[in-house]
1. Which of the pairs LYS246/LYS466; LYS108/LYS271; LYS95/LYS446; LYS273/LYS441; LYS63/LYS95; LYS127/LYS246 have their Cα atoms more than 19 Å apart in this structure?
2. How far apart, in nm, are two points set 7 Å out from the Cα along the Cα-to-Cβ line at ALA159 and at GLU442?
3. Roughly what would the spin-label model give for VAL398 and ILE450, points 7 Å off Cα along C-beta, in nm?
4. Ranked highest first by average number of other Cβ atoms within 10 Å, how do 167-173, 292-298 line up?
5. So, with a 1.4 angstrom probe, what is the percent of accessible area on the stretch 353-484 that is carbon and sulfur?
6. Can you grab the distance from the C-alpha centre of the stretch 460-484 to the C-alpha centre of the stretch 234-278, Å, no decimals?
7. Could you list the chymotrypsin sites (Phe, Trp or Tyr not before Pro) in the stretch 337-428 that lie in coil according to DSSP, counting only those with at most 15 other Cβ atoms within 10 Å of their Cβ?
8. Of the accessible area of the stretch 196-273, with the probe set at 1.4 angstrom, what percent is carbon plus sulfur?
Amino acid sequence: MCFTVNYIMGTGFLTLPWAFYSAGIVLSLITISIVCLVSDISKGYVLETMARSDALFRAECVKVNEEDGSMSLIKEGINESSALLGKKKSSNSSKDEVNNSGPLMVRKRKFEVIEMCHMFLSGNGPKWYMLTIGLYMYGTLWAYTSVFAKAMSEALPLAQLLGLGSDDYLIYVVIFASIVVPLTCMELREQVAVQVFLSLCRLFMVVIVVGSVSGAMNATTAQFGSQTHAEPDADHPFYNMSGLYKMLPIAVYANIFHHSIPGLSSPVADKRKLSMIYGATFAFGMIAYSLIGGLVAYYFGGHIQESANLNWVSYHAGTGELVCSEESGNCRFEHKPLWVQAIAYYVVCFPATDVVSAFPLNGITLGNSLMGSYYGSMIRQVEGDRLKVTLFRLLGAVPPIIGACFVRELGTITAYTGVTGFIIAFTFPAILNMRSRETLKEVGLKHETIYTRKIISEDWFSTWIKWFGVVLVVYVLLNLITKG
């Protein structure tokens, strides 16, 4: 669960208060609840598809062309690939074993989403998925690098101290790369301690943010700068439909991890608990997002920063002395107690260092997807080759870091690439669920899994989820283009 929490709560929750303010608190609460619910449904589609993929291979119903890596279904008769290896067991016998065994479930064999696209989607389906995931993942990694370098260069300038000029940003890009690139080349099992620690740090930040804002609401003196009371939006305190297009992509961005479910599921020993683990993560996220977004947006109102952690720069908890500079005229609270300074620095700086945990998780997913796209169905023959795995992960991790050295303002880029999250989180999982169910019916295998749920796993409901993602893409893009 720690891996998943670290994955979805990267930097997306920092912009949630601003999104809550833009769309109105009540409308935002409804939106985040719906997005969490639909995300939980579509996560089940990915798990169902993974279980069915495993069943196909155990039933020897998939024939792999060793020349080009393409796959074809074997509906009856002898599995030719098994016969070539001297195996005499028929595919019908293997099917009987699968059909007579317990419910289908995810097992040790890992199936990346791009691999399942090759199995169940015809035509250019896999290419469209790879294009979508590539845009999203490269944009996300690019943003992580920029967030870290910008925040740390403001909080702790090093260039002049080290005699390296005046560009602190590039120094922190190099520092960031030296940490996250090696982590991206490692396996998840090798970084459990790091991920658990950062997950606890993230939980601590949620407690601090909610606690300090709650305290400020009940205080009789100013806690943040000179603000003495909550200042909600007077015109649109509860709902603002014109700002919904800002809220939607941020809400999905804060909940998306569907493309990494195969990798995140691999370290879990009891695969029967996968649905429960991911469901608990969404529940935690919905509560945390609602508290952070609602309380912070309500208190700061029009003073909310687009990256909400920056509001804690002025946090003094009613302590210290207001000192104004005669030269610049700027005022700030000084002589604050150490515990107040610690809280302020933690909230401001932790999100920057937090991406250290999120970058490797995304980088591993992108590298694995690139490798799966390149090798297709032959991925099993090379996934044990550590050198090739490392090269593809470097291909996923290094370009966005280099790009961040040249393009530092990523607001517009992330706004548009973030829209791809609707397709990744909703549309593709729904399509894979329908096609995998149909495929198992064609080859004579049972298709029910331990993750199958009544009504929402049926084709008509999957169709609704598929088009839900498409409609959101059109709606948000139109608003981004027309409203700038």
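The values are calculated or read from the model by the stated rules, or taken from the named source; none is laboratory data. Note that this is a predicted model, so its numbers are computed, not measured. Cβ coordinates were reconstructed from backbone atoms using ideal geometry, including for glycine residues, and neighbour counts include every protein chain displayed. Surface areas here come from the heavy atoms of the whole protein model, side chains and all, with no ligands, DNA or RNA. Shrake-Rupley method; radii C 1.70, N 1.55, O 1.52, S 1.80 Å.
1. Details: LYS246/LYS466 21 Å; LYS108/LYS271 9 Å; LYS95/LYS446 9 Å; LYS273/LYS441 26 Å; LYS63/LYS95 14 Å; LYS127/LYS246 29 Å.
In this structure, LYS246/LYS466; LYS273/LYS441; LYS127/LYS246 exceed 19 Å between Cα atoms.
2. 5.8
3. 4.2
4. On the way: 167-173: 19.3, 292-298: 23.4.
My ranking of the peptides, most packed first, is 292-298, 167-173.
5. Working: 3910 of 5740 Å².
Exposed carbon and sulfur together represent 68 percent of the surface.
6. 16
7. Details: sites: TRP339, TYR345, TYR346, TYR374, TYR375, PHE392, PHE406, TYR416, PHE422, PHE426; in loops: none.
Here no loop site has a sparse enough neighbourhood.
8. Working: 2190 of 3450 Å².
Using a 1.4 Å probe with all protein chains present, the stretch 196-273 comes out at 64 percent carbon and sulfur.
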